[in-house]
1. Rounded to the nearest 5, what % of DSSP beta bridges with both residues in the chain are antiparallel?
2. If you roll a 1.4 Å probe over the chain with all protein chains in place, what percent of the accessible area is carbon or sulfur?
3. Accessible area of E211, 1.4 Å probe, to the nearest 10 Å²?
4. What is the ratio of the Cα radius of gyration of region 206-253 to 2.2 N^0.38 Å, where N is its residue count, to two decimals?
5. Could you work out how far the C-alpha centroid of region 137-170 sits from that of region 38-67, in angstrom?
6. In nm, what is the difference between 0.36 nm times the number of residues separating K254 and A196 and their Cα-Cα distance?
7. Comparing P78, P93, P101, which has the greatest mean-square fluctuation in the GNM of the chain with Cα pairs linked when under 10 Å apart?
8. Based only on the alpha carbon positions, what is the Kirkwood hydrodynamic radius of region 111-262, in angstrom?
Amino acid sequence: MEQITYERDGGVGWITLNRPDKLNALTSVMSDELCDVLEEIHGDDGVRAVVVTGAGRGFCAGQDLTEFRDAYVSGDRPDIEQHLAETYHRLIPLIVETPKPVIAGVNGVAAGAGLSLAIACDVRVASDEARLTQAFVKIGLIPDSGGTYLLPRVVGYAKALELSITGEMIDAAEAHRIHLVNRVVPADSFADELRAYAERLAAMPTLAIAETKRLLRQALTLDLHDALQREAEAQARMGKTEDHTEGVMAFAEKRDPTFRGR
Ligand code: T3D
């Protein structure tokens, strides 16, 4: 792979965007590589949690604005709709819909589609040096790559609208205050804290996490009675898992459980 790295360490799959000199701006190549690795992870039972983070001082500065420079210069505008379909419309659902928990390790600035990438993940752990912006409006665009769908679900409509129409850059503390990131850790200990958090999730009962992700996502568009029914059906499945038995036995025996994802 040219623009990302991937390694598996224990139960954690580590994806690192790797164009540090361009703050990991997203190209079509990077998007394809991300999709390919996410599909590989999907089929790898050994991966129980996934981290997406950035090399260098940035998380991801969004779409690489130089990718279509020639087209803009010549006046022959790029086909943005087609580009979105071929890149982000494959990438964002792969993250949102994967049954594994995905953690964005927001090590530095996240802008535009880079912020969409972060909010497509299930949890955001940010360095206290991170900055976040819905940069799209500053170049005359609307929030794409899931920005209109995901951001209101994370921070609520009013804040999502404000961030989207101002393009305001916010720091990690403000992002935490509005629940845009789940936790903020000092830059010095960011790598260790991110690893500890990912390992903690990887040790959890993965089937229950997968069902929880799916149910929470679906419940956003269900009424209460349908949601209760789907909970009951999923809980019946969970009640038959080895992990459920292990959890109950570990509680009774006053020991830590060992979950195996079965
Ligand atoms: O076609 C479609 O699919 C449309 C889809 C659009 C989706 C989007 O994501 S639109 C939003 C795109 N992103 C942006 O508009 C953000 C652009 N970047 C910035 O505003 C700033 O770079 C940051 C605020 C993110 C960080 O500022 P700073 O001062 O910390 O760093 P810098 O010096 O601006 O950037 C460092 C390098 O990264 C620099 O390269 P150089 O000059 O040292 O060679 C800069 O050009 C490069 N870089 C940063 N962002 C991008 C980028 N190169 C290409 N594309 C970028 N988005």
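The values are calculated or read from the model by the stated rules, or taken from the named source; none is laboratory data. Nothing here was measured: the structure is a model prediction, and the numbers come from that model. So basically every Cβ, Gly included, is an ideal-geometry build from the backbone, and we count neighbours across all protein chains shown. To get the accessible areas, we keep the full protein, side chains included, count just its heavy atoms, and leave off ligands, DNA and RNA. Shrake-Rupley method; radii C 1.70, N 1.55, O 1.52, S 1.80 Å.
1. Details: 9 of 31 bridges.
The antiparallel proportion sits near 30 percent.
2. On the way: 7260 of 13710 Å².
Answer for the chain: carbon and sulfur cover 53 percent of the accessible area.
3. Approximately 30 Å² of E211 is accessible to the 1.4 Å probe.
4. Numbers: Rg = 12.5 Å, N = 48, 2.2 N^0.38 = 9.6 Å.
Region 206-253 yields a ratio of 1.31.
5. 21 Å
6. On the way: separation 58, 0.36 × 58 = 20.88 nm, distance 2.31 nm.
Length difference between fully extended and current span is 18.6 nm.
7. P78
8. After inverting the mean inverse Cα-Cα distance, the result is 17.8 Å.
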